[in-house]
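Report on the structure given below.
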Amino acid sequence: MPQARSADAELDPLTLNFQKELEEEFRADYARKSVVHVRVGIGFAIALWCLFGLLDHWMIPQVKEAAWLIRFAFVVPGLLAIFLFTFSKRYDRLAQVAAASAAMISALGLIVMVNLVIRPPGAHPYTSGLLLSVPCICVVWRLRFTNAVWATLATLIADNATAVGFTGIPLPVIMNNNFFLVSSGILGLLAGYNMEMYIRRDFLQRRAVEKSIEEVSALREVGQALGSTLDLEAVLTTVVTRAVALSGASGGAIYEYDEEAQVLNLRTSHGLEAELVEVLLAEPIPRDHGAVGRAVAKLAPVQITDIQEAPELMLARARPVLARLGYRSVLAVPLLREHRIFGGLVVARRQVGSFSARIVNLLQTFAAQSGLAIHNARLFRETEEKSRQLELANLARSRFLAAASHDLRQPLHTLSLYSAALKLHAADGATGEIAIHINKALASLSALVDSLLDISKLDAGAVQPEPQSVNLRSVIERIEADYRPVANGKGLEFHVVAPDLLVETDPVLLERLVRNLVDNAFKYTAAGNVTLAAEMHERMARIVVRDTGLGIPAAERERIFEEFYQIGNPERDRVQGLGLGLAIVQRLAQLLGLTLTLESEPGRGSTFAVAVPAAADRRASPREPAPRDETAPGALDGARILVIDDESEVRAGMRALLEQLGCRVSVCSGYADAERLLEQDGLEDVHLIVSDFRLRAHESGIDTVRRLRERLGDVPALLVSGDTAPERLREAQSSGLPLLHKPVSADNLTEAILAALRR
Ligand code: ADP
């Protein structure tokens with residue numbers, strides 16, 4: 001049994017003592033565990049000595065006083081003093097001396113009483129039997145066993161000397177007596193030896209079990225710290241604290257290794273004096289220097305069994321402090337994980353000597369745990385740093401998008417107002433032609449800016465889907481109507497299958513999604529055909545957009561859904577686009593909870609498909625966009641409209657367009673200006689307010705409309721905004737006012753005005 005072997009190795013078979021610290025630990029342990037028995041034993045002895053004192057006057061009436069004196073002046077006070085001593089703090093260290101003294105007091109008391117007081121004169125002094133108790137007591141009360149042997153020999157000699165010198169006992173009788181004395185002495189010593197051996201081995205085994213329980217719980221605690229916190233400091237502190245406690249050291253420290261600089265930096269310490277920590281912290285420790293540096297360089301534990309013997313092994317600047325503080329031995333282990341160095345763990349103690357293999361092993365386990373903790377913490381730090389950078393990049397992008405689209409939107413808005421007015425004004429002839437071209441160019445420019453706005457809105461969560469029953473046929477037919485001319489223009493076949501399928505989703509957002517896919521199919525197909533079809537498959541309608549165009553290489557199939565990502569293909573037909581189409585498609589699909597799939601073969605074409613859940617009932621869709629009327633002059637005949645915008649260009653453009661549509665228009669730049677108008681013209685007959693969202697000097701269109709309504713009553717109102725910043729969009733949305741985004745086309749403006757007036 002390895003434990004028994006190690007127990008014997010620590011126990012001196014001659015003296016039956018352990019080495020110094022262990023002996024102290026054993027004695028303290030025994031003292032604590034036996035104190036109650038000792039007190040009961042001494043208590044009984046005192047009681048018996050007193051009891052027999054009462055019987056003395058009729059048992060030995062001739063020597064009553066002398067016996068009383070021995071009992072109550074010597075034995076009982078002595079025993080009482082020891083009894084009280086068991087309650088003192090020093091008892092733990094002096095327990096065996098105290099117990100041996102108690103036994104000796106009793107034994108001496110008896111010897112003195114029997115030989116000097118009770119024994120009839122002339123008889124053989126009756127000492128031998130009693131004196132035998134001395135060696136046994138010495139062993140039983142765990143003084144050194146060799147002392148017990150000496151004590152036995154001394155007793156034998158004393159007994160023989162008294163027998164020969166003071167009595168006339170014949171020599172054969174003394175020899176016979178010796179035979180009895182020696183054999184019982186040997187018997188007593190053997191019995192004591194066995195008993196002591198047993199108790200001490202038992203102590204060692206119990207201690208080994210307690211230690212391993214302590215180790216297991218320390219490992220568990222370190223494991224828990226590792227699992228429950230990403231706080232590196234907390235994990236390392238737990239490790240170093242437990243390592244110091246389990247290795248019986250006075251203090252310890254953990255260093256982190258800096259791979260680039262090849263130095264060790266003190267991370268945390270436990271039990272080390274402030275002045276030592278200060279010295280260790282002063283500078284990083286180079287690899288190869290001191291115990292920890294060498295452990296790291298060797299990738300193995302390093303022990304220094306006596307610092308005073310080999311001071312050159314210690315870090316030069318720490319030597320004097322270590323010597324002054326009395327440190328004598330050091331153990332350092334490298335923190336390793338998968339052959340990578342993360343640092344070092346060091347424990348130091350004030351005793352000379354090597355650390356046991358068990359402690360070295362244990363510290364290596366701790367070192368592995370710490371290595372893991374540092375590894376995790378570094379990973380965490382890196383991830384955190386990356387996500388912070390990502391967040392910053394996202395923020396910057398959002399800001400850029402919002403700013404760019406706002407700045408683009410203002411002039412575009414003014415332009416579209418003027419060009420719409422121009423188209424209405426000069427319907428025929430060359431000017432009309434030009435106006436139509438301007439309008440077309442503006443429309444595609446607006447579409448670009450719209451994609452920017454769409455992305456901003458989707459990112460802001462400002463788009464709320466309104467699911468309802470939608471007939472896919474009308475969605476597909478509307479898209480077909482818009483793209484048939486494109487197909488004809490490019491000489492492509494356009495196959496459309498538009499069955500009557502009812503699905504449950506937001507019709508506007510779905511149409512936007514499919515439209516983007518169809519748009520791409522036409523953009524990236526030079527010859528062949530484009531198919532737009534829908535079919536029912538297991539309660540799901542599948543909308544398929546297939547083309548025979550460029551196709552998408554497998555490596556690009558994820559990236560094309562990223563914003564602003566376009567496949568850099570120089571041969572490709574260069575068409576306008578920002579690389580936002582598919583990013584919008586993906587966000588819309590996510591928002592609507594639809595699955596999007598892509599199959600493609602480069603050079604042969606691509607198939608995008610989206611699966612939409614079938615509708616449960618056949619309700620009609622109230623939100624399906626109605627076919628648009630061409631805006632015609634005079635559509636809004638006679639309506640009185642108050643336009644509020646801080647830019648005079650926009651005001652003039654709005655006036656030009658609205659007047660072309662037959663409205664009577666008043667314009668102003670903000671609330672103060674509107675008040676002035678109110679005073680001048682009355683304005684009682686305003687039918688509708690159209691206000692810019694963000695006015696000068698932090699005035700908000702929402703507030704302006706609210707204040708005007710206080711004076712004019714509940715007049716219908718519209719907000720027009722060039723802002724795409726998510727938080728501004730949310731603010732505008734929560735006002736409850738219909739919101740139009742700049743640039744507003746003449747059609748959209750008319751539609752919105754009509755809807756507001758109908759309200
Ligand atoms: P854009 O069309 O504005 O460039 P998208 O986000 O819509 O941006 O598309 C990203 C990229 O994916 C396009 O640049 C194109 O290279 C590729 N792509 C999209 N749809 C198709 C398609 N049907 N066929 C071939 N390539 C496509």
**Asked** Can you pull out the residues in segment 326-365 that are among the hydroxyl-bearing types (Ser, Thr, Tyr) and touching a residue at least 60 places away in the same chain (Cβ under 8 Å)?
**Response** TYR327, THR365
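If I filter segment 254-266 for residues that are farther than 18 Å from ALA377 by Cβ and touching a Ser or Thr at 6+ places or on another chain (Cβ under 6 Å), do I get at least one hit?
Pass one, segment 254-266, residues farther than 18 Å from ALA377 by Cβ: 261-263.
From the residues that got through so far, the ones that are touching a Ser or Thr at 6+ places or on another chain (Cβ under 6 Å) too are none.
The answer is no; no qualifying residue exists.
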**Asked** Out of the residues in segment 363-414 that are charged (D, E, K, R) and within 18 Å of SER446 (Cα to Cα), which is farthest from the chain's Cα centre (by Cα)?
**Response** ARG409
**Prompt:** Quick check: anything in segment 270-289 free of Cβ contacts under 8 Å to residues at least 40 places away in the same chain and within 27 Å of the chain's Cα centre (by Cα)?
**Reply:** yes
**Message:** Filter segment 716-734 down to the residues that are at pLDDT 85 or above and either farther than 22 Å from HIS687 by Cα or open to solvent by less than 10 Å² (accessible area, probe 1.4 Å) (or both) and list them by number.
**Reply:** ALA717, LEU718, LEU719, VAL720
**Complete:** If we ask which residues in segment 478-510 are part of a helix (DSSP H, G or I), open to solvent by less than 60 Å² (accessible area, probe 1.4 Å) and within 16 Å of the ligand (Cβ to nearest atom), their number turns out to be 4
**Asked** Any residue at all in segment 301-318 that is among the small types (Gly, Ala, Ser), on the phi > 0 side of the Ramachandran plot, out of contact with any helix residue (DSSP H, G or I) (no Cβ under 6 Å at 6 or more places or on another chain) and assigned to a helix (DSSP H, G or I)?
**Response** no
**Asked** Applying the selection to segment 441-493, what residues are over 53 Å from the mean Cα position of the chain (by Cα), modelled with pLDDT of 90 or more and of a type in the set (A, V, I, L, M)?
**Response** VAL486, ALA487, LEU492
**Asked** Out of (1) surrounded by fewer than 19 Cβ atoms within 10 Å (Cβ to Cβ); (2) touching a strand residue (DSSP E or B) at 6+ places or on another chain (Cβ under 9 Å); (3) not hydroxyl-bearing (Ser, Thr, Tyr), the odd one out for VAL302 is which?
**Response** (1)
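Each row is one residue, and each column tells you yes or no for (1) open to solvent by 70 Å² or more (accessible area, probe 1.4 Å); (2) assigned to a loop (DSSP other than H, G, I, E, B); (3) at pLDDT below 90.
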residue: GLU599; (1), (2), (3): yes, no, no
residue: ALA609; (1), (2), (3): no, no, no
residue: PRO613; (1), (2), (3): no, no, no
residue: GLU624; (1), (2), (3): no, yes, yes
residue: GLY662; (1), (2), (3): no, yes, yes
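Mind checking which residues of segment 250-260 are more than 28 Å from the chain's Cα centre (by Cα) and open to solvent by 20 Å² or more (accessible area, probe 1.4 Å)? Show your work before the answer.
The first filter runs over segment 250-260 and keeps only residues more than 28 Å from the chain's Cα centre (by Cα), leaving 250-251.
The one that is more than 28 Å from the chain's Cα centre (by Cα) and open to solvent by 20 Å² or more (accessible area, probe 1.4 Å): SER250.
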**Request:** Would you please name the residue that is nearest to the ligand (Cβ to nearest atom), looking only at residues in segment 524-555 that are outside any loop (DSSP other than H, G, I, E, B), open to solvent by less than 40 Å² (accessible area, probe 1.4 Å) and closer than 25 Å to ILE455 by Cα?
**Result:** VAL545
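Which one of these is open to solvent by less than 90 Å² (accessible area, probe 1.4 Å) and either in contact with a Lys or Arg (Cβ under 9 Å, 6 or more places away or on another chain) or without any contact (Cβ under 8 Å) to a residue 24 or more places away in the chain (or both): ILE438, ILE434?
Details: ILE434 fails: open to solvent by less than 90 Å² (accessible area, probe 1.4 Å).
When all the criteria are applied, what remains is ILE438.
Does ARG559 count as within 11 Å of the ligand (Cβ to nearest atom), open to solvent by 40 Å² or more (accessible area, probe 1.4 Å) and out of contact with any helix residue (DSSP H, G or I) (no Cβ under 9 Å at 6 or more places or on another chain)?
Against the criterion (within 11 Å of the ligand (Cβ to nearest atom), open to solvent by 40 Å² or more (accessible area, probe 1.4 Å) and out of contact with any helix residue (DSSP H, G or I) (no Cβ under 9 Å at 6 or more places or on another chain)), ARG559 qualifies.
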**Complete:** ALA323 fails exactly one of (1) touching a residue at least 24 places away in the same chain (Cβ under 8 Å); (2) in a helix (DSSP H, G or I); (3) among the aliphatic types (A, V, I, L, M), namely (1)
**Request:** Return yes or no: is GLU233 among the acidic types (Asp, Glu), touching a residue at least 24 places away in the same chain (Cβ under 8 Å) and out of contact with any Leu (no Cβ under 8 Å at 6 or more places or on another chain)?
**Result:** yes
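The values are calculated or read from the model by the stated rules, or taken from the named source; none is laboratory data. What you are looking at is a predicted structure, and each value in this text was computed from that prediction instead of being measured. Because the Cβ atoms are built from the backbone with ideal geometry, glycine has one as well, and the counts that use them run over all protein chains shown. For accessibility, only protein heavy atoms count, side chains too; no ligands or nucleic acids. Shrake-Rupley method; radii C 1.70, N 1.55, O 1.52, S 1.80 Å.
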